[in-house]
Amino acid sequence: MTNDNHQCRFCASPNVSQIIDFGSVGLAGAFLKPDQFAAEKKYDQQLYFCSDCYLLQIINKVPPTVLFKDYFYFSSAIATLRKHFRSYAKEVTEKFLIPKKSSVLEIGCNDGILLKPFVELEVKTVIGVDPSSNVIETIKDPNIIAINDFFTRERALKIREDYGPINMICANNVFAHIEDMHDVTAGIKTLLADDGVFVFEVHYIGSLIDEIQYDMIYHEHLFYYSLLALQNFFKGFDLEVFDVKPVDIHAGSMRYYVRHKDESNDKSVSLNVINLQKREREKGFDKLETFQSYADKVAQTKTDLMALLADLKQEQKSIVGYGASGRANTTIQYCGIDDRHIDYMIDDAPAKHGYYTPGSHLEIKPRSALEENTPDYILIFAWSFFNEIIEKNMAYLKQGVKFIVPLPEVKVFSWQDGQIVEENYSETDDADAKIVSMSEHK
């Protein structure tokens with residue numbers, strides 16, 4: 001049903017319909033200490049679909065200064081991401097840049113995880129822009145120009161004045177976060193060299209739908225993109241997507257290549273774009289019913305996970321969570337998980353240790369806590385890093401600790417006869433188990 005009280009963030013259409021209501025929740029990235037519990041703010045979070053421009057979006061607004069002033073996500077703490085961005089930098093440099101004559105700017109550069117490889121590839125000018133002062137201050141490389149600010153058209157004009165037009169602008173896993181996409185995209189249009197390329201990666205809506213990834217939905221992630229929605233949006237800025245590339249990172253992302261649209265030349269978009277556009281229409285990413293069906297599947301995964309946790313607690317089993325990310329906090333708050341279900345959380349980022357999760361107030365501890373009191377089960381909230389987490393914790397698996405994965409469907413893994421197996425937990429204890437290879441999980 002269309003909600004007349006809201007309008008689309010992209011096209012301003014009132015033809016938007018609610019898909020999922022997450023209720024009033026703590027901000028996914030707002031980790032806190034016990035003395036902050038009483039003053040913790042919660043915000044309504046509802047997911048909507050626009051039937052006019054096909055954008056899936058969070059309608060509710062939270063000030064960007066609240067979301068990003070102090071940030072707890074440090075990309076370089078994750079080995080999978082370090083490897084990914086090294087490969088990414090090498091690939092786009094070889095495709096589009098003459099390093100010693102080129103400039104690169106990243107919007108939302110975090111701790112410089114992508115910028116450092118560009119420096120190693122001898123790109124002449126490397127610039128990072130990020131509003132999170134506590135994160136960007138960790139960039140110590142003198143070859144990186146670090147600007148602690150939001151990227152806007154006004155800031156783009158200043159950068160162009162100081163450094164000239166930029167050959168490549170990047171935005172990775174942040175293009176979904178930006179409150180005023182019109183201003184930022186106008187800034188990209190202003191700053192990008194005439195033959196420049198805007199490259200960005202963002203979680204792909206196909207992964208969100210196909211794998212029931214509702215854990216990607218939180219206030220910080222305002223937009224969930226299909227190619228169809230992006231094409232509609234970029235038209236207003238005389239920009240076009242000319243190529244796409246699926247990437248495995250973050251459980252299924254898409255890399256988009258964008259350029260100035262120029263009707264006077266004969267440049268054509270790639271076959272990748274044509275095929276993806278066709279596939280999205282076939283899968284109904286331009287239809288409300290597709291997303292209503294998705295909401296039903298999300299509700300079922302919640303029912304399955306809470307039933308499993310209730311059964312395990314009834315059996316007096318100890319359970320800890322692994323991966324205190326924004327994604328984890330969406331799952332925790334949507335499902336209603338608290339200290340009745342999970343004893344504490346584990347995270348590999350030292351900056352989070354000693355803090356508590358928003359809304360649910362679960363303590364976050366280092367992985368060494370597992371040695372002091374080994375649990376019966378570990379619930380992997382960071383399930384998209386399944387391989388990396390299992391490899392780090394193989395000793396516990398072999399000791400008999402079982403691992404729970406909440407999505408795309410609830411599964412339990414254990415070590416049996418020298419193999420990782422997927423248990424059929426809904427059946428009897430002697431039900432058949434499926435042998436699992438690490439390559440099955442990305």
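The values are calculated or read from the model by the stated rules, or taken from the named source; none is laboratory data. Since we're looking at a predicted model, the values are computed, not measured. Note that each Cβ is placed from the backbone with ideal geometry, even for glycine, and that neighbours are counted across all protein chains shown.
Things worth noting here:
- Taking segment 94-116 as the range and being surrounded by fewer than 24 Cβ atoms within 10 Å (Cβ to Cβ) and part of a strand (DSSP E or B) as the test, only SER103 passes.
- Unique match (being closer than 24 Å to TYR396 by Cβ, crowded, with 20+ Cβ neighbours inside 10 Å, in contact (Cβ under 8 Å) with a residue 12 or more places away in the chain and of a type outside the set (Lys, Arg)) among TYR322, TYR294: TYR322
- Enumeration of residues in segment 333-383 that are part of a loop (DSSP other than H, G, I, E, B) and of a type in the set (Asp, Glu): ASP338, ASP339, ASP343, ASP347, ASP348, ASP376
- Looking only at residues in segment 207-230 that are surrounded by fewer than 19 Cβ atoms within 10 Å (Cβ to Cβ) and of a type outside the set (A, V, I, L, M, F, W, C), the one that is nearest to SER384 (Cα to Cα) is GLU211.
- Candidate set: segment 265-291, residues that are among the small types (Gly, Ala, Ser) and more than 23 Å from the chain's Cα centre (by Cα); chosen: the one surrounded by the fewest Cβ atoms within 10 Å (Cβ to Cβ): SER268
- For the condition under 18 Å from PHE223 (Cβ atoms), of a type outside the set (Val, Ile, Thr), surrounded by fewer than 16 Cβ atoms within 10 Å (Cβ to Cβ) and without any contact (Cβ under 8 Å) to a residue 12 or more places away in the chain, ALA12 qualifies.
- Given (1) assigned to a helix (DSSP H, G or I); (2) of a type outside the set (Asp, Glu); (3) buried (at least 23 other Cβ atoms within 10 Å of the Cβ); (4) free of Cβ contacts under 8 Å to residues at least 24 places away in the same chain, index of the condition GLY128 fails: (1)
- Residue in segment 57-72 that is outside any helix (DSSP H, G or I), within 19 Å of the chain's Cα centre (by Cα) and at pLDDT 95 or above present: yes
- Within segment 326-363, considering residues that are aromatic (Phe, Trp, Tyr) and more than 25 Å from THR138 (Cβ to Cβ), the one nearest to the chain's Cα centre (by Cα): TYR334
- Condition check for ALA193: of a type in the set (A, V, I, L, M, F, W, C) and more than 19 Å from PRO63 (Cβ to Cβ): yes
Conditions tested, residue by residue: (1) of a type outside the set (Lys, Arg); (2) touching a helix residue (DSSP H, G or I) at 6+ places or on another chain (Cβ under 6 Å); (3) touching a residue at least 12 places away in the same chain (Cβ under 8 Å).
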residue	(1), (2), (3)
LYS283	no, no, yes
ASP286	yes, yes, yes
GLN300	yes, no, no
LEU308	yes, no, yes
GLY326	yes, no, yes
ASP339	yes, no, yes
ASP347	yes, no, yes
TYR355	yes, no, yes
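- Consider segment 152-169 and keep the residues that are part of a strand (DSSP E or B) and not polar (S, T, N, Q). The one that is nearest to the chain's Cα centre (by Cα) is ILE169.
- Any hit, segment 77-89, residues being modelled with pLDDT under 80, surrounded by 14 or more Cβ atoms within 10 Å (Cβ to Cβ) and either in contact with a His (Cβ under 8 Å, 6 or more places away or on another chain) or assigned to a helix (DSSP H, G or I) (or both): yes
- Going through (1) free of Cβ contacts under 8 Å to residues at least 60 places away in the same chain; (2) of a type in the set (Asp, Glu); (3) loosely packed, with under 15 Cβ neighbours inside 10 Å one by one, ASP376 falls short only on (1).
- Selected residue (only one of VAL174, VAL184, VAL119, VAL135 is under 23 Å from MET216 (Cα atoms), part of a helix (DSSP H, G or I) and touching an Asp or Glu at 6+ places or on another chain (Cβ under 9 Å)): VAL135
- Candidate set: segment 15-33, residues that are hydrophobic (A, V, I, L, M, F, W, C) and outside any loop (DSSP other than H, G, I, E, B); chosen: the one surrounded by the most Cβ atoms within 10 Å (Cβ to Cβ): VAL16
- All of (1) in contact (Cβ under 8 Å) with a residue 12 or more places away in the chain; (2) part of a loop (DSSP other than H, G, I, E, B) hold for THR330 with one exception: (2).
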